[in-house]
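What follows is calculated from the coordinates using simple rules that are stated; it is not laboratory data. Fair warning: this is a prediction, and the values are worked out from it, not measured in the lab. Please note: Cβ atoms are built from the backbone with ideal geometry, for glycine as well, and neighbour counts cover all protein chains shown.
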Amino acid sequence: MTPAEPGEALIEVALPLPLFQTFTYRLNDAVENPVAVGSRVVVPFRQRRQIGVCVRLNAERKPGTRIRKILDAPDPEPVIGADLVSLCNWIAEYYVAPPGVALRLALPVLLTGADSPRPRPRTRRILRITGDPPSLLERDAIFGRAKQQRALYEAIESLGGSTTAEHLRDQLGFSPAVIAGLEKRGLVAAEDEVVARDPFLSRRIAAAPPLSPTPAQRAAIETMSAAAGAETFLLHGVTGSGKTLVYIELLRAVLNRGKTAIVLVPEIALTPQTVDRFRGAFGDSIAVLHSALSDGERYDAWLALKRGEKRIAVGARSAVFAPVRDLGAIIVDEEHEASYKQGEAPRYHAREVAIMRAHAAGAAVVLGSATPSLESWVNAEAGKYKLLRLPERVAGGTLPKVEIVNLRRRFTGGNGSGPPPVGDYERTISPELDEALHARLALRQQSILLLNRRGYASFVQCDECGYVATCPNCSITLTHHRTPERLVCHYCLHQEAPSATCGRCGGTTLRQRGVGTQRVERMLGERFPAAGIARMDVDTTSGKWAHVEILDRVASGEVDILLGTQMIAKGLDFANVTLVGVVDADVGINLPDFRASERCFQLLSQVAGRAGRGPKGGSVIIQTRVPEHHAVVHALTHDYESFVAAEIEGRREPAYPPFVRLANIVFSAVEEEAAMELAASAGEWMSQLLVAGQVEGITLVGPAPCPIERIKNRWRWHLLLKSVQPGALTRALRFFAERYDPATATAQRRITIDRDPVSLL
């Protein structure tokens with residue numbers, strides 16, 4: 001490196017490119033806005049324009065490099081604060097991602113386009129009466145026979161002297177020509193007014209009811225509110241124990257100190273109930289950030305937070321980058337949820353990013369869950385986090401009674417023989433669950449049914465040769481959907497029409513195996529024709545506000561039975577829901593993944609917690625073929641700590657998190673042989689690195705085919721790295737990412753690094 005030449009102002013810029021480096025540019029005197037760390041800059045890169053972020057001033061000149069000038073600095077002040085620049089640099093380092101790709105996480109989509117770097121706000125046209133209104137005689141002279149213009153003028157007058165052109169046109173029926181004619185006379189003036197795109201403004205804010213904290217809630221609130229500096233709390237509260245009340249009271253304390261806060265909730269839990277509770281307590285101080293919003297709506301919420309107009313950000317994982325200042329607390333609700341893990345580079349975990357951001361700001365972090373992740377629980381036991389407990393439901397409520405129905409015994413008569421029951425409904429819904437549903441309908445109470453498998457049937461199979469229709473692009477069977485009738489791959493979304501004959505032998509006897517939510521919905525409709533039934537899964541909630549509409553119907557009592565996948569298992573609080581039925585608890589329990597049992601227990605415990613949240617009480621019926629599985633046994637008694645004691649022993653040998661840190665390197669190619677060769681080459685390279693002693697304390701496992709070998713027409717192999725030393729794992733991964741021959745990774749051959757994976761599938 002050499003210093004810049006006299007009078008030469010150089011900066012380092014991170015660009016959103018798959019390159020582990022920054023680039024040096026010269027400031028441009030012709031640019032109107034100043035440049036600081038965190039400023040967006042438009043720069044030339046090769047033959048294109050790119051938007052990057054300035055990460056360093058007074059950069060040094062790299063010998064032999066040509067330095068070009070920036071083209072534009074579109075913002076009067078930095079769009080990313082220095083704290084977020086540091087946070088994104090940590091993400092780039094820890095999760096082994098290019099710095100520019102990591103910094104892009106902190107920018108709304110509308111600020112990432114190089115061709116139009118200055119996003120336009122949403123505006124509306126306002127018409128205002130100018131001067132004093134003319135008298136009736138003056139009006140006769142002014143308007144003459146222009147009756148429509150006079151009617152328009154008097155309509156604006158009756159509306160307080162100003163209104164929107166949209167209201168005049170769409171609601172009152174005045175034509176654009178009449179509006180333009182009135183403007184021409186100078187009797188009204190038109191101006192554009194910036195409108196905040198807040199989709200939640202249309203929802204009525206109900207004032208939060210006064211609640212008296214229980215002794216356990218009060219102790220948790222006081223402990224967290226009194227925290228001096230950065231501290232991480234694990235709030236372990238059973239379902240219905242009032243964790244949200246604790247969050248709200250902590251936020252009040254934070255706001256009273258003049259600080260701001262971030263509340264993270266799983267994307268799936270961003271229900272109207274979740275948002276309404278916080279808006280009921282804090283009104284317009286809340287800004288909501290999540291993927292169902294348009295780019296413009298997210299940008300306006302981001303802008304309101306940056307300006308300090310709103311002081312609490314509520315959203316899914318990306319809300320951890322909300323541009324709030326003077327951060328006082330970050331709350332991570334349902335901290336165990338896998339949706340906090342980003343599925344594409346950089347593959348960060350929002351829980352870990354929240355902890356890093358809060359600690360840097362001297363703020364408190366609250367990780368809340370009825371079923372914490374094993375990593376968080378072990379950290380709390382070790383004293384790294386402070387454990388706070390809410391062991392009982394509020395208002396004297398009790399946890400629902402859980403009953404297990406053994407489907408294996410039911411289908412075999414208990415001795416492995418005997419014909420199975422006839423009929424789709426009888427195969428799917430046990431007599432115990434059927435009777436319970438009938439009873440709730442008779443009492444005008446509501447029920448929730450969980451089946452974590454969408455579609456109509458799991459797969460279609462030929463009776464003659466056993467062939468199962470599979471995806472041409474992925475190593476997975478096609479799921480049968482109805483309305484419209486199609487076979488769908490849930491990984492690559494390939495679709496095809498169902499065939500009348502077997503694709504292998506030409507046989508004509510094709511049977512649908514397994515059931516999905518579509519099929520159960522049809523069965524319930526036939527069994528209970530007078531009941532209100534709603535289905536909530538990916539297929540029914542693809543519309544922007546579809547999940548809101550469904551849950552509003554549940555809240556109003558219009559829905560008697562709510563059927564859905566895991567999205568109904570958390571975040572719902574309906575006092576009239578007195579029954580929860582798990583149609584098939586075994587979905588996912590035996591997947592080849594070290595977290596399969598943990599996820600099953602969490603899902604069962606969370607959905608069971610939807611029952612009995614009101615004075616009527618509740619019960620839970622779990623249908624399973626493996627009633628002896630420890631995830632089911634401990635869900636029966638709502639006993640999280642006993643589950644942990646049983647589960648954690650299986651993580652010691654062979655070692656998996658929380659006892660080691662894990663990294664999964666996935667190699668993919670369109671040809672199976674190419675994926676295998678790439679994985680073998682990388683495995684040998686990494687093995688030599690470890691043998692040479694350049695990085696110590698790492699165990700290498702593999703390479704081997706991924707459990708799902710083919711996704712989206714790409715064959716997949718993987719390599720696991722295990723270490724008890726996070727720093728050693730970071731060094732090895734960065735060494736690999738920066739030094740392993742990039743020529744082997746082309747458009748046809750790809751390498752993906754997933755640090756701290758939540759799944760190995």
Per residue, what volume in Å³ does the convex hull of the Cα atoms of region 10-111 enclose?
-> 103
Extending each Cα 7 Å along its Cβ direction at residue 652 and residue 699, get the distance between those two points in nm, one decimal.
-> 1.3
Ranked by Cβ crowding within 10 angstrom, fewest neighbours first, how are 334, 672 ordered?
-> 672, 334
The percentage of Cα-Cα pairs in region 41-194 separated by more than 18 Å is 70
Which pairs, out of 184/306; 69/259; 243/384; 310/341; 306/386, put more than 29 Å between their alpha-carbon atoms?
-> 184/306; 69/259; 306/386
How much length, in nm to one decimal, is gained on full extension between residue 109 and residue 86, taken as 0.36 nm per residue of separation minus their Cα-Cα distance?
-> 6.2 nm
Ordered by fewest other Cβ atoms within 10 Å, a rough proxy for footprinting exposure, 19, 152 read 19, 152
Semi-axes of region 542-596's equivalent ellipsoid from the Cα gyration tensor, sqrt of 5 times each eigenvalue, largest first, rounded to whole Å?
-> 26, 15, 9
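Quick one: which of 658-664, 86-92 comes out on top by average Cβ neighbours within 10 Å, and what's the full order, highest first? Walk me through the numbers before you get to the answer.
Numbers: 658-664: 19.1, 86-92: 21.1.
Ranking, from highest mean packing down: 86-92, 658-664.
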Going fewest to most other Cβ atoms within 10 Å around each Cβ, 179, 665 line up as 179, 665
Quote the charge dipole size of region 10-111 about the Cα centre in Debye, to the nearest 20; the model charges only the Cβ of Lys and Arg (+1) and of Asp and Glu (-1).
-> 580
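DSSP loop (so not H, G, I, E, B), at most 14 other Cβ within 10 Å: list which GluC sites (Glu not before Pro) in region 3-64 pass both filters. Working shown, then result.
Values: sites: 8, 12, 32, 60; in loops: 8, 32, 60.
Of the GluC sites (Glu not before Pro), the ones in loops of region 3-64 whose Cβ has at most 14 other Cβ atoms within 10 Å are 8, 32, 60.
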Taking the Cα centre of region 661-755 as origin, sum charge times position over the Cβ atoms of Lys and Arg (+1) and Asp and Glu (-1), and report the length of that vector in debye to the nearest 20.
-> 420
Please report the base-10 log of the normalised intensity I(q)/I(0) for region 570-667, using a Debye sum with one equal scatterer per alpha carbon and no solvent, at each q in 0.13, 0.18, 0.22 (1/Å).
-> -0.53, -0.87, -1.12
How long is the gain from residue 135 to residue 406 if the chain were fully straight, where each residue apart is worth 0.36 nm and the alpha carbon distance is subtracted?
-> 89.0 nm
Isotropically averaged projected area of region 620-761, using the convex hull of Cα atoms (one quarter of hull area), nm² = 10.8
Residue farthest toward the positive end of the dipole of the chain, with Cβ of Lys/Arg at +1 and Asp/Glu at -1: which of 516, 472, 336?
-> 472
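Show me 43-51, 590-598, 102-110 ranked by packing, highest mean number of other Cβ atoms within 10 Å first. Before the final figure, lay out the partial values.
On the way: 43-51: 14.0, 590-598: 17.1, 102-110: 21.7.
Packing order, densest peptide first, comes out as 102-110, 590-598, 43-51.
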Give the calculated FRET efficiency between residue 56 and residue 30 to the nearest 0.05, with a Förster radius of 22 Å applied to their Cβ-Cβ distance.
-> 0.50
In whole Hz, with x marking every Gly and Pro, tabulate ³J(HN,Hα) for region 64-75 from phi via Karplus 6.51 cos²θ - 1.76 cosθ + 1.60, θ = phi - 60°.
-> x, 9, 8, 10, 9, 7, 5, 9, 6, 10, x, 10
With R₀ set to 35 angstrom, the calculated FRET efficiency between the beta-carbons of residue 267 and residue 681, to the nearest 0.05, is 0.40
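Over its Cα atoms, what ratio of radius of gyration to 2.2 N^0.38 Å does region 123-194 give?
Ratio of Rg to 2.2 N^0.38 Å for region 123-194: 1.03.
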Calculated percent of Cα pairs over 48 Å apart (choose from (i) 21; (ii) 71; (iii) 28), label | (iii)
With runs of 4+ DSSP H residues as the only contributors, calculate the mean residue ellipticity of the chain at 222 nm using -39,500 (n - 2.57) per run, divided by the residue total and rounded to the nearest 500.
-> -9000 deg cm²/dmol
Alpha carbon centroid spacing (whole Å) that separates region 42-95 from region 547-580 | 47
Separation between Cα centres of region 151-170 and region 433-447, rounded to whole Å = 53
Lys/Arg +1, Asp/Glu -1 at C-beta; the chain dipole; positive extreme among 531, 550, 698 = 550
Long-range share for region 215-396, i.e. C-alpha pairs more than 24 Å apart as a percent of all pairs, stands at 31
How big is the charge dipole of the chain about its Cα centre, in debye rounded to the nearest 20, if each Lys and Arg gets +1 on its Cβ and each Asp and Glu gets -1 on its Cβ?
-> 760
Based on DSSP H assignment, which helices of the chain show an axial Cα extent of at least 24 Å together with a mean Kyte-Doolittle hydropathy greater than or equal to -0.5?
-> 672-691
